[in-house]
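Note sheet for the following structure.
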Amino acid sequence: MSRFWFSAGRLPDEALLSGLATGDPELAVTFVRRFQHTVFGVAIAVTGDPQLAEDIAQQTFERAWRHAQIYDSRRGSVATWLTTIAHNLAIDAVRSRRPEPVAPEDLDAILGVVSDTPEQHALADEASSHLRAAVAELPREQGRALVMAGIYGMTAQQVADWEHIPLGTAKTRIRAGMGKLRNTLASPKRGDHVQ
């Protein structure tokens, strides 16, 4: 009986995934090496945290190992399946780490003050300055509701509860603030010449 030697690195993705499922150590290592940069890249892009991205990459490969038998090539490539797992795990991790909303009494200070830290100067560009100025021009209640919903990810119901106002009022403030913001940002800037 002749034995054929092959390089695991040349195997198709599906064969490596099957090898991962069977617990073949050589195929498992090859599988991880083939996709580690892609999986880590997805995780770091979503989380922005290298340590968390490493954890998510490890969880992704563990999940792929546990669920390799349910992979269906008709629904997409192995790379697509794996990056979808990584993306979903990263989104879940970010959601679980979402900071608590700022207290309402602190929101007024945040809306009215632009930080002068070097990091803020490095990140600030003309568009963000224009956006901050446009939000600052909104009526106080609309600005607060818009920041709570847009920046802190609060639902209209959460804004209503936080501000002790009816749900309809919260929705109106958010909608009106967005409309005014959209009009302000869409209008030509001063000094722009329209012909």
Practice task
Could you rank the peptides 88-97, 168-177 by their average count of other C-beta atoms within 10 Å per residue, with the highest value first?
Solution key: 168-177, 88-97
Fill in the blank from the handout: With the 1.4 Å probe rolled over protein heavy atoms, the stretch 132-183 has an accessible area per residue in Å² of 55 Å²
Problem - Peptides 144-155, 11-22, 60-71 ordered by average Cβ neighbours within 10 Å, highest first - result: 144-155, 11-22, 60-71
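Can you send over the carbon and sulfur percentage of the accessible area for the stretch 1-91, probe radius 1.4 Å, protein chains only? Each step should come with its number before you reach the end.
Working: 3200 of 5850 Å².
Percent of accessible area from carbon and sulfur atoms in the stretch 1-91: 55.
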Problem - Stretch gain in nm, segment L131-T172, where the contour uses 0.36 nm per residue and the Cα spacing is subtracted - result: 12.7 nm
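The values are calculated or read from the model by the stated rules, or taken from the named source; none is laboratory data. Predicted model, so just to flag it, every value in this text is computed and none were measured. Note: ideal-geometry Cβ built from the backbone for every residue, glycine included; neighbour counts use all protein chains shown. Just so you know, the surface numbers come from the protein's heavy atoms only, side chains and all, with ligands and any DNA or RNA stripped out. Shrake-Rupley method; radii C 1.70, N 1.55, O 1.52, S 1.80 Å.
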